[in-house]
1. Being in the same structural domain as B:Leu120 (by TED's automatic domain parsing), buried (at least 19 other Cβ atoms within 10 Å of the Cβ) and of a type in the set (Ser, Thr, Tyr), is that true of even one residue in the range B:282-296?
2. Which one of the conditions (1) at pLDDT 85 or above; (2) in a loop (DSSP other than H, G, I, E, B); (3) aliphatic (A, V, I, L, M) does B:Ala280 fail to meet, given that it meets all the rest?
3. Out of the residues in the range B:509-518 meeting the condition of being hydrophobic (A, V, I, L, M, F, W, C) and crowded, with 17+ Cβ neighbours inside 10 Å, tell me which one is farthest from B:Ile416 (Cα to Cα).
4. Scan B:Ile335, B:Ile323 and give me the residue that is of a type in the set (A, V, I, L, M) and touching a residue at least 40 places away in the same chain (Cβ under 8 Å).
5. Taking the options B:Asp272, B:Asp282, B:Asp314, name whichever one is charged (D, E, K, R), within 23 Å of B:Ile243 (Cβ to Cβ) and in contact with a Gly (Cβ under 9 Å, 6 or more places away or on another chain).
6. Do we find a residue being over 30 Å from B:Val99 (Cα atoms), of a type in the set (D, E, K, R) and away from chain A (no Cβ under 14 Å) anywhere in the range B:378-385?
7. Could you please give the count of residues in the range A:30-64 that are more than 13 Å from every other protein chain (Cβ to nearest Cβ), at negative phi and within 12 Å of ligand 1 (Cβ to nearest atom)?
Amino acid sequence: MNSDTVLRAQDVYKSYHKDRIEVPVLRGINFDVTTGLVTALVGRSGSGKSTLMHLLATLDQPDRGEIQFQGKRIDNASRSRRDRYRNHDIGIIFQFYHLLPELSAIENVLAPTMIGRSAWNFFRHRKEAKKRAEAMLDRVGLLHRASHKPAEMSGGEMQRAAIARALMTDPTLLLADEPTGNLDTETGLDILKLLTELNQDDGLTILMITHDDSIAESADCCHRMQDGQLQQGIPELLIA
Amino acid sequence: MHTDVPQSIESKERYMYRWLLCFRYLRTRYIALASIISVTLGVATLIVVNSVMAGFSAEMHERLHGLASDILIECHASGGMPDPEGHLKEIMKVCGEDVVGSSASVHVPAMLGIDFNGQLITRHVNFVGLDPATYDDVSHFGRYLLHPKNQSQVNFDLREDGFAPDREQFPSSGWGYRRARVAYERALAEEQARIDALRAPASSITNEDAGPSLAIGPPQIFEESNKEEITEFDPAVEQFPGIILGISTCSARMRDEENNVRDHYYCRPGDDVRMMFPNASDNAKVVNQKFTVVDMYESGMSEYDSTFAFCRLDQLQEFRGMIDPSSQVRSVTTIQLKLAAGADLNAVRDALRRRFPPNVYAYNIQTWRDMQGPLLAAVKLETTILNILLFLIIAVAGFGILATFFMIVVEKTRDIGTLKALGASGGGVMSIFLSYGLLLGFVGSGAGLIGGLLFVDHINEVATLIEKITGQEVFDPTVYYFTEIPTIIHPFTLVWVMAGAVAIAIFASVLPALRAARMHPVKALRFE
Ligand SMILES: Nc1ncnc2c1ncn2[C@@H]1O[C@H](COP(=O)(O)OP(=O)(O)OP(=O)(O)O)[C@@H](O)[C@H]1O
Ligand SMILES: [Mg+2]
């Protein structure tokens, strides 16, 4: 196994059951995410991209196969290990941002730290944490909106806040499920530019699900999901 | 740069975000506050009811106890027990260290006769001959009299005036009134005599003619008694033996047309009344004796006020023939004891019962609690039942919280998914909603506590306000003898009411919290 592989799916199967009818979604997925690269995952709607991402984030369990993080199985790890994996090892961003509506931007960014630490620990390091949250907001260009609630922000701003939140715990890997899917083209490009910068400047590993061909083209490597399986290749070829 | 990361999330019982979130939920979910209002009201009602009941029962305890003396030794024999001093010595031997006061008295059933506008009003009363020097040591007596001087020291001699200075409606009483009345009666009698003298030659049927004169003269049945005394007796300057009447034995409380409460007195200090009671011989005869009312007794307990009349012990002993002619030893029917604070009433009672076994002595030895047991027990039962009912109301409120919380959990489904995606554990998510329940319980019962305390503090103002608004009297003074609603707040009651309400709020949030904790993160994230 390649030492550059940070996350690996091995022979993963997943199907949903609805009213005794089995809906197979993933049928033998083999897939690596290489450190330091932007990996794109494309595929038609309903092909199972989000399903795969949920499995990779241990939000769901595969029916068969394994998910490995840094060479160790993560899908059947203990509950607390998986909680910590989600909290600390990876960052997740969603198409619909999923910010907590009751919290301000900066509180949302602080949320992973609050979740990952005890009240006492958080309280002791609250100044550092706040500084880091401000740095993250600054990084995504949203420092001036720090005290705003999600309802007071535009879609692009919310996604920036979500990215800042995902970066808060300094994750090894960023999982993004259609981060631009709900934004207009121009704003989407801004977000994309931000992600590319994060990859190029900070060496952040990114796995990105997308519909947008241009985005997929700019990625370092690209996978296409079809019939529950993945085809790997150079982006241009896959899209053509 | 990595900030230090703790090894395990599981080891952290205290989650920072739960407080942040549940405070935010509290501020943004007003529906939950609405659901907690029922808890608030329940708590407030419980506090008000409990403090009013406690106040009422304390007041009753205080009055009953004040009236009854700690230990009562009654002799059922009509002649009573001879030599109370000898008895007291024996009692001191048994329980001398606990006794701080004692008083001997004579209790006898009697009939009170009041002459009111020519009609005879009769009342059955408990006639008590008491020792003015010691009676106040064993029970509250003086403080319930109307004349301020009698309150500090009972005196069975009629006072000049100054009765019940704080009552506007109280009729003029005392010697002044007595002289005026006698003068009026004499003038009337003279006038009558003059008319009679004019008529005497004209007709011989004087008896029929005297009919209307009954309206002012003493009723016929009294005519034969103590005739020679009456001839010498000048009511304008002399009085009969003094008597203190329970206020309800000689007055009626009712409302006039303007709905004001008014007392109507059939007699007042300065008037003469008649008492009929059995003498102490084995072959009992009725003693028929005139007394002069010197004061009235109002304890607020209608049972006492409507049945008691008091006179001096030595006089009653004399009238009843309770003095042994040869040895001059006096008898009494009752010995009352006052015990030191904190003394065990029942233990003293039992010791006395052993000393005076019921199969030898016809004595009934009771504590004041024994005498008032059923009443006290009834009040206690009432309080308990009210508490249970009100707690059921809070429990019903608990179901309201349950429903509201389920709604909130459903509404927050996506956020629960988000929290789990950010690494929150099931326990952490559960703790958000449990803390939320706890917080709501505190807020609700805290508001109830404050509301209840304020209500209790201003309960009399509230009662007057309600009276003004509805025109209905909340606290009917013809029924209750309290002029104010008595309240007592027991801190212990507050604590358990609060604890109960908070516990119910927490219980109600357990199911929704469990549901939130068990929610599948993916389903929660996909939830629209
Ligand atoms: N809980 C479920 N029960 C049954 N079927 C499900 C469930 N969740 C997802 N599916 C099905 O699984 C398939 C894959 O869904 P998924 O969301 O992974 O697709 P996707 O590739 O992310 O699509 P999109 O690009 O529109 O987001 C879909 O056909 C969907 O209908
Ligand atoms: Mg999807």
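The values are calculated or read from the model by the stated rules, or taken from the named source; none is laboratory data. Values in this document were obtained by computation on a predicted structure and should not be read as measured data. Cβ placement follows ideal geometry from the backbone for every residue including glycine, while neighbour counts extend to all protein chains displayed.
1. Yes: one or more hits.
2. Of (1) at pLDDT 85 or above; (2) in a loop (DSSP other than H, G, I, E, B); (3) aliphatic (A, V, I, L, M), only one is false for B:Ala280: (1).
3. So in the range B:509-518, the residues hydrophobic (A, V, I, L, M, F, W, C) come out as B:510-511, B:513-514, B:516-517.
Now narrow it down to the ones that are crowded, with 17+ Cβ neighbours inside 10 Å: B:513, B:516-517.
Values: B:Ala513: 11, B:Ala516: 7, B:Ala517: 8 Å.
Checked the range B:509-518; the qualifying residue farthest from B:Ile416 (Cα to Cα) is B:Ala513.
4. Details: B:Ile323 fails: touching a residue at least 40 places away in the same chain (Cβ under 8 Å).
Result of the check over B:Ile335, B:Ile323: B:Ile335.
5. Values: B:Asp272 fails: in contact with a Gly (Cβ under 9 Å, 6 or more places away or on another chain); B:Asp282 fails: within 23 Å of B:Ile243 (Cβ to Cβ).
After applying the criteria, what remains is B:Asp314.
6. Yes: the range B:378-385 contains one or more residues that are over 30 Å from B:Val99 (Cα atoms), of a type in the set (D, E, K, R) and away from chain A (no Cβ under 14 Å).
7. Number of matching residues: 6.
Yes/no matrix, rows are residues, columns are (1) part of a helix (DSSP H, G or I); (2) at pLDDT below 85:
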position: B:Arg63; (1), (2): yes, yes
position: B:Glu97; (1), (2): no, yes
position: B:Asp115; (1), (2): no, no
position: B:Val125; (1), (2): no, no
position: B:Asp137; (1), (2): yes, yes
position: B:Arg159; (1), (2): no, no
position: B:Glu168; (1), (2): no, yes
position: B:Ala180; (1), (2): yes, no
